[in-house]
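Accompanying notes for the structure given below.
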Amino acid sequence: MEITKRILLAAVVVITCACQKTKESQVTVVSDKKEQTASEIHRLPLYDHSDTVRMGSHLYAFAIHREACDSLPLVTDENGSRYADNLYTLRITRSGQAFFKRTFTKAQFASKLTSDFRAKGILDGFRFVNAREGLLRFAVCVSYPESDMSAPFLLTIGGDGSYTITPDDVMDVEEESGEDGV
C-alpha cells in the first residue's frame, strides 16, 4: 500500500508542476493502483510528458516517455523487494523536423555510477531543465527505489544533435535555472 501512496503522490506532484509551467505541456501517468506484495516485481507507472521551448528562431518540441522494462536486469533491495528498471525515450523536433531520438537506460550512466548504484539503483527521473546558448539540458537521475538517495546527471544536447552526460553537482537545478521541474 505504501508504494501505491508514493506513486500517486509523485504523480500528483509531477502533474501539478507540469500544469504550472505552460498550457502546452502535457503529462500522462498510468497506474494500475493494485497493492503489490514483496514477491512481486514493483514497477513505476507508465509516464509521458511533452512540451515546447523556443530557443533562437527555432521551436523545439520534446516528448519524454518512461516505461518499466522487463528485459533489463531486476534490482533487489536489502529487504528482498524486486524492482523493474526503467527506460526513457526522448524525442525532440526542431521547427517541426526530427532532431533527436534516443532511448536511455541505466547502462548509459554506468561508467559514472558507484558499484552500489549500478547494482541497486534504477533510472527513475528525467525532466527538462532549460534551453540556453544553443543547448537543451535535461536532469536525469539513478536512484535507489523508494529512497531519496540518487545519483543526478545532466544530459546536454547540442545544436548538432550530439549529447553529453555529466554528473550534476548542482543540488537543485530548478532554483539555479528558474525553471519548473517535470
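No lab work stands behind these numbers, since they all come straight from the coordinates. Everything quoted here is computed from the prediction, not taken from an experiment. Backbone-built Cβ (ideal geometry, glycine too); neighbour counts: all protein chains shown.
If residue 126 meets every condition in (1) under 20 Å from residue 43 (Cα atoms); (2) free of Cβ contacts under 8 Å to residues at least 60 places away in the same chain; (3) crowded, with 19+ Cβ neighbours inside 10 Å apart from one, which number is that one?
Of (1) under 20 Å from residue 43 (Cα atoms); (2) free of Cβ contacts under 8 Å to residues at least 60 places away in the same chain; (3) crowded, with 19+ Cβ neighbours inside 10 Å, only one is false for residue 126: (2).
Return the pairs, sorted by first residue and then second, in which the second residue is surrounded by fewer than 17 Cβ atoms within 10 Å (Cβ to Cβ) and small (Gly, Ala, Ser), the first residue lies in the stretch 152-167 and is under 16 Å from residue 110 (Cβ atoms) and free of Cβ contacts under 8 Å to residues at least 60 places away in the same chain, the beta carbons are less than 9 Å apart, and the residues are 6+ apart or on different chains.
Once the first residue is under 16 Å from residue 110 (Cβ atoms) and free of Cβ contacts under 8 Å to residues at least 60 places away in the same chain and sits in the stretch 152-167, its partners that are surrounded by fewer than 17 Cβ atoms within 10 Å (Cβ to Cβ) and small (Gly, Ala, Ser) give 164/158.
Residue 71 versus (1) in contact (Cβ under 8 Å) with a residue 12 or more places away in the chain; (2) within 21 Å of the chain's Cα centre (by Cα): which is the lone unmet condition?
(1)
Tell me which residues, restricted to the stretch 64-88, are more than 18 Å from residue 49 (Cα to Cα) and either in a strand (DSSP E or B) or in contact with a helix residue (DSSP H, G or I) (Cβ under 7 Å, 6 or more places away or on another chain) (or both).
75, 76, 77, 82, 83, 85
Applying the selection to the stretch 89-124, what residues are within 17 Å of the chain's Cα centre (by Cα), in a helix (DSSP H, G or I) and of a type outside the set (Lys, Arg)?
Of everything in the stretch 89-124, those that are within 17 Å of the chain's Cα centre (by Cα), in a helix (DSSP H, G or I) and of a type outside the set (Lys, Arg) turn out to be 107, 108, 109, 110, 117.
Sort through 61, 110, 139 and tell me the only one that's closer than 16 Å to residue 165 by Cα and surrounded by fewer than 19 Cβ atoms within 10 Å (Cβ to Cβ).
110
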